[in-house]
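Worksheet: one structure, shown below.
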Amino acid sequence: MKKISVVIPIYNEKENIDELISSISSVMAENNYSYEIIAVDDGSRDGSYEQLKQIKQTNKDLKIIKFKKNYGQTQAIMAGFDASIGDMVITIDADLQNDPQDIPLLVEKIDQGYDIVSGWREKRKDNFIIRRLPSIIANKLISWFTGVNLHDYGCTLKAYKSKVIKNIRLYGQLHRFIPAVAARMGVSLLEIKVKHYPRKKGKSKYGIFRIWTVLLDLITVKFFLSYSGRPMQFFGSFGLVGMVFSFIIFIVTIYMKLMKSIDMTGNPLFYLAIFLGFIGMQCILMGLLGEINIRTYYESLNKGTYVIDEE
Ligand code: UDP
Ligand code: MG
């Protein structure tokens with residue numbers, strides 16, 4: 001029988017975890033799933049960990065991972081992925097804004113063959129100005145930049161086939177971009193509508209500044225998706241353009257000197273040519289360094305640049 005791992009990132013959610021874990025357990029039991037729940041305590045200081053330990057005494061399917069400090073939601077999810085032994089992994093928020101009753105919907109779609117099934121909080125119950133509006137814009141931007149169209153990148157309620165996530169490493173706040181990265185690697189992706197509730201207990205961990213981090217992460221992701229496999233082509237293009245312009249401008253300054261008697265040393269174009277020449281050379285060298293880096297990266301981690309469907 002297939003095993004399902006449910007991963008929950010937890011940061012100061014003491015009032016929510018009791019209800020959450022019991023409702024996940026009952027949904028899993030009702031559907032006769034073989035499962036484990038991996039609760040990752042991301043350095044909570046409100047007693048969430050003690051609460052988890054207490055629940056574990058009566059719930060044999062619960063595994064607890066405790067972080068030394070608050071590393072962030074992405075790291076918590078990553079730790080859950082690493083510890084999971086299921087054939088399928090489901091991530092869900094700890095704050096009861098997602099509904100565990102939606103889990104079977106995701107499982108069904110994974111069983112039908114999708115590699116990733118992503119929740120779409122169509123009727124999102126969060127503040128419009130600081131949450132929903134920025135999120136609408138962010139989702140449009142991410143879809144446009146990555147070429148992978150989703151309505152709701154930010155929804156934690158997602159299901160993944162294990163083999164897909166075992167090949168993806170996450171840094172910073174990048175968990176929301178997993179579908180984009182994975183879809184670009186060729187895995188199949190489906191978005192389905194899920195329920196969403198207002199946060200009843202505890203506080204949201206993010207403010208309006210999340211917009212900045214998401215935007216910056218988007219640039220990183222775009223770069224990695226498009227060029228991380230071929231840095232020379234990225235930096236090298238700038239380099240070549242710089243060198244070509246440098247050369248043309250240099251010829252122009254020589255022409256001005258010979259034909260119009262305009263001093264080369266007094267001609268700003270001459271300096272522009274030197275400047276562009278240096279920049280161009282720098283970019284090409286950066287491209288080469290990049291090439292060395294990706295070789296070290298992929299080979300030392302023994303990480304594939306591809307996902308195998310069947311072997
Ligand atoms: N979370 C976490 N580490 C953090 C911040 C948040 O593990 O540093 C967890 C949090 O406990 C919750 C989930 O990530 O389970 C989503 O956080 P939150 O509900 O505050 O985000 P929002 O729903 O407001 O986007
Ligand atoms: Mg929430």
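The values are calculated or read from the model by the stated rules, or taken from the named source; none is laboratory data. Note that the structure is a prediction, hence the values are computed from the model and not measured. Here the Cβ positions follow ideal geometry from the backbone for every residue, glycine too, while neighbour counts run over all protein chains shown. The accessibility values were calculated without ligands, DNA or RNA, using every heavy atom of the protein model including side chains. Shrake-Rupley method; radii C 1.70, N 1.55, O 1.52, S 1.80 Å.
Worth a mention:
- Over 23 Å between alpha carbons, listed pairs 66/109; 69/200; 56/161; 2/63; 125/158: 66/109; 69/200; 56/161
- Positive contributions from Lys and Arg (+1) and negative ones from Asp and Glu (-1), summed over other residues with Cβ under 12 Å from the Cβ of residue 146, come out at +3.
- In loop segments of the range 85-133 as defined by DSSP, the trypsin sites (Lys or Arg not before Pro) with at most 15 further C-beta atoms inside 10 Å of their C-beta are 123, 125.
- Each listed q (0.08, 0.19, 0.21 Å⁻¹) maps to a log10 I(q)/I(0) for the range 68-214 from the Debye sum over equal C-alpha point scatterers, namely -0.20, -1.31, -1.63.
- Radius ratio Rg over Rh of the range 91-143, counting only Cα atoms, Kirkwood formula for Rh: 1.03
- Over the range 113-200: Kirkwood hydrodynamic radius from C-alpha pairwise inverse distances, Å: 13.6
- Its Cα gyration tensor gives the range 165-311 an equivalent ellipsoid; the semi-axes, largest first and in whole Å, are 47, 22, 13.
- The range 87-119-the range 146-214 distance, computed between alpha-carbon centres (Å): 12
- GNM remark for the chain: springs join alpha carbons under 10 Å apart, and the peak mean-square fluctuation among 215, 289, 269 falls on 269.
- The residues neighbouring residue 190, those whose beta-carbon lies less than 13 Å from its own, together hold a net charge of -1 under the Lys/Arg +1, Asp/Glu -1 convention.
- Ordered by solvent-accessible area of protein heavy atoms (1.4 Å probe), largest first, the residues 99, 18 come out as 18, 99.
- Rounded to whole Å, sorted largest first: equivalent-ellipsoid semi-axes of the range 1-142, Cα gyration tensor: 23, 21, 14
- Within the range 202-311, trypsin sites (Lys or Arg not before Pro) in DSSP loop having at most 13 other beta-carbon neighbours inside 10 Å: 203, 303
- Ellipsoid semi-axes for the chain, based on the Cα gyration tensor and the rule √(5λ), read 49, 21, 18 Å when sorted largest first.
- Max mean-square fluctuation residue, GNM over the chain, Cα-Cα springs under 10 Å, options 93, 115, 82: 82
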